[in-house]
Amino acid sequence: MAKRVYAFGMDGLILPMVRHFAQEGSLPAFARLMAEGTYNQTFCSFPVWTPTNWATLSTGAHTGTHQVSTWETTLPSGEDIDSFDGRSNRAERIWNALERAGLKGTALHYPGAFPSGSEASTILDGLGHPGHAHTEFEVAACQAYVTGAGSDDFMIGHDGAPVAGSRSIQGIAGLTMAVDWRNLPPSHKPPLETEVEIVSRFGNTAQRYSLLVTASAEEYDRVHLARGKDGNLIVASGRTREWTDWLVDDFAVPDGSVEAALRFKVMELDPGGHHLKIYRSQVTHVHGYSYGDPELEDLLRERFGPYQEHASMIPYTSGMTDFATALEECEYQGNWFAEVGHYMLTERDSAYFTCHWHLYDYLNHIHLADVDPVCPGFDPARKEEHMEMFRQAYRVGDRIIARMQQTQAELAGDDVYVGVLADHGAYPDVRVVNIRKFLCDTGFLVLRDGPAAVAEDQDRLADDQIDWTRTKAHLRRRGFDITINAERGSDRFNDIERELLTALRTWVDEETGQTVVAIALPRRDAYILGQWGDQCGDVVFVYEHDYVSGYYPQWKGIVGGGNVGAPLEFGAHHGGFLPTDNGFSSTFGSFLIAGSGLKQDYERNIEELGYIHAADVVPTLCRILGIEPPQQSQGTVARDLWERFDMSTGIGG
């Protein structure tokens, strides 16, 4: 009897929130999954970043071994690359272990999955980047077009940073009477026209569509997009508040043209024809994301629709759409992932399917602070409004779980295990930190233009901004390790190290009287935090509970302008603070799994056994599949998840 594992990755899922909504009856599929299986929060790899923990959840290795310690990674050659590039991960992945055992796996939109040396397994979009960055599969980022609007509203990513080369809302010419059109479709009122232009991520005009507005009765209510002023060239049509069908077209890029997919939604259409707002999805390549199997790409598009790489809450936060529309895109993507998982497990002989779906992380950053009273910015009068957003989003996940359970039922002849993986959760902001300003204030970092350069929102510093002759230590990149500007092992290095450790360990938030840093360790002791290797800095530190840094554009600044204090705008985050915040909000990851031989309605007693570590997930999945774990795997099997196994006595199998 073949064993298969269907492990859906839900970035940012918070298990206490799942419990809350399941108990009120909103999540029947999640409730069934927990009743029939095991559900546990997992202790994340440090730092609690997205790329770091998805790397752990594919390798079973700790941060120091897979080396994905932050959002950028330096290769042994010295090249700096995005950590969603598979070259950043230096450990073997679970799909490599499957191949060694003669089995096949599938990874879809999974961070750092390509390249990973996989040959027999199927990797679909092995970049898996969240929706705030341009990628090789994108012709153009999503956008809204508004008649008469300006064109300087830049898209803001989920981390609060503007997306390079993009505008969220593009002004277009106002609607005027349609002229010089042929083969006009029926309309009860004179048709109106304008034009939309799609600018690619490279800056060139990728495509133009003539836009026609018609009236099916006495009011304008329908929008058509055409390749020219000819009704026979209409490629997409939609009514107010409706999506058009998917459109596949050729788009100009600097080296030629590519075939890509998109769709539109009519957000606003004045019945009198005076105003129009239309939203366009990301323009995504229809080929290339499988790395060499265009027949599979065509088959998936024929069965399930086009692949949409980026589906996020960014259209909602940037004003392009409303919440419901952004959630519809996320649901389309999640359903597409679920259907592909079903197909790969039932028809392509995959023994393991996993993916990365980012909905909950987006929502946590935006609204978790609005539903948890631990945040000083919490407004109880608006809690239910924001709780309903989470409820709707978790219901989308519940429908995905229900589809997975159908797959399990269809493959009843095999042992099919259904589960959910989450890399981390999040916790509301209480106090925020500008670590580079602290280094300036304490004399470790000296800038050519003075400390004002990091007073508010400086997330990175260029080398030419630093006065290297007077700088003793600096934050190498967005992370939680500091590099000492001296030869390692020299007397000067040792003196700076002692001085820096003392400064971090005794840093006090004057408003609260609390120390800001919970742990500060020299490189030689950073093993305690799972940190080693060439990505590890000279000093590694962990913030105390309630303190966070690294999201400067999102919290807009610190009240009073110091290096620590209340943010000007509250949000919710994860990252380099103590990873054990837990209540209604939680920074822990999640591991839910149900199937033959596993306990039912089981959650580990952490007071007796401690948390399952993120590094334990892959070895546990490999035991289910009956294979050896990846070669660099360092976690252990969570044996207590199996029936007839009692960790308190050690008796069982």
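The values are calculated or read from the model by the stated rules, or taken from the named source; none is laboratory data. Fair warning: this is a prediction, and the values are worked out from it, not measured in the lab. FYI the Cβ positions are ideal-geometry reconstructions off the backbone, even for glycines, and counts take in every protein chain you see. For the accessible areas, the whole protein counts, side chains as well, though only heavy atoms, and no ligand, DNA or RNA atoms are used. Shrake-Rupley method; radii C 1.70, N 1.55, O 1.52, S 1.80 Å.
I'm checking my understanding of the structure. Among residues of the stretch 43-67 that are aromatic (Phe, Trp, Tyr), farther than 14 Å from Gln535 by Cα and surrounded by 24 or more Cβ atoms within 10 Å (Cβ to Cβ), which one is modelled with the lowest pLDDT?
Trp49
Which is modelled with pLDDT of 95 or more, open to solvent by less than 40 Å² (accessible area, probe 1.4 Å) and touching a strand residue (DSSP E or B) at 6+ places or on another chain (Cβ under 7 Å), of Asn96, Asn40?
Result of the check over Asn96, Asn40: Asn40.
Residue by residue through the stretch 491-518, note down the ones that are touching a residue at least 40 places away in the same chain (Cβ under 8 Å) and among the aliphatic types (A, V, I, L, M).
Of everything in the stretch 491-518, those that are touching a residue at least 40 places away in the same chain (Cβ under 8 Å) and among the aliphatic types (A, V, I, L, M) turn out to be Ile496, Leu500, Ala503, Val516, Ala518.
Let me spell it out: the conditions are (1) on the phi < 0 side of the Ramachandran plot; (2) part of a loop (DSSP other than H, G, I, E, B), and Ala409 meets all of them except one. Which number is the exception?
Answer for Ala409: the failing condition is (2).
Just to be sure I understand the filter: pairs with C-beta atoms under 6 Å, separated by 6 or more residues or on different chains, first member in the stretch 167-196 and over 26 Å from Gln282 (Cα atoms), second member among the basic types (Lys, Arg) and open to solvent by 50 Å² or more (accessible area, probe 1.4 Å). Which pairs pass?
So the pair list comes out as Asp180/Lys229; Trp181/Lys229.
In the stretch 376-415, what count of residues is obtained for those that are modelled with pLDDT under 95 and surrounded by 18 or more Cβ atoms within 10 Å (Cβ to Cβ)?
3
I'm checking my understanding of the structure. Among residues of the stretch 282-304 that are part of a helix (DSSP H, G or I) and free of Cβ contacts under 8 Å to residues at least 24 places away in the same chain, which one is farthest from Pro115 (Cα to Cα)?
The residue in question is Glu302.
Which residue out of Ser257, Ser237 is closer than 14 Å to Pro185 by Cα, at pLDDT 95 or above and open to solvent by 30 Å² or more (accessible area, probe 1.4 Å)?
Answer to the check: Ser237.
Go through Ala486, Ala473, Ala518, Ala526 for me and flag whichever is modelled with pLDDT of 95 or more, touching a Cys at 6+ places or on another chain (Cβ under 6 Å) and either of a type outside the set (Lys, Arg) or exposed (fewer than 13 other Cβ atoms within 10 Å of the Cβ) (or both). Working first, answer last.
Working: Ala486 fails: touching a Cys at 6+ places or on another chain (Cβ under 6 Å); Ala473 fails: touching a Cys at 6+ places or on another chain (Cβ under 6 Å); Ala518 fails: touching a Cys at 6+ places or on another chain (Cβ under 6 Å).
None of the others qualify; the one that does is Ala526.
Pick out the one residue from Arg263, Arg301 that is closer than 27 Å to His109 by Cβ, open to solvent by 30 Å² or more (accessible area, probe 1.4 Å) and modelled with pLDDT of 95 or more.
Arg301
Looking at Val235, Val248, Val283 in this structure, which one is touching a Phe, Trp or Tyr at 6+ places or on another chain (Cβ under 9 Å) and over 19 Å from Leu192 (Cβ atoms)?
Val283
Which numbered condition in (1) part of a strand (DSSP E or B); (2) more than 27 Å from Ala572 (Cβ to Cβ) is the only one that Ala520 fails?
Among (1) part of a strand (DSSP E or B); (2) more than 27 Å from Ala572 (Cβ to Cβ), the lone unmet condition for Ala520 is (2).
Of all residues in the stretch 187-223, count the ones that are under 16 Å from Ala173 (Cα atoms) and open to solvent by less than 60 Å² (accessible area, probe 1.4 Å).
12
Out of the residues in the stretch 307-335 that are outside any loop (DSSP other than H, G, I, E, B) and among the β-branched types (Val, Ile, Thr), which is nearest to Thr240 (Cα to Cα)?
Only one residue tops the list, namely Thr325.
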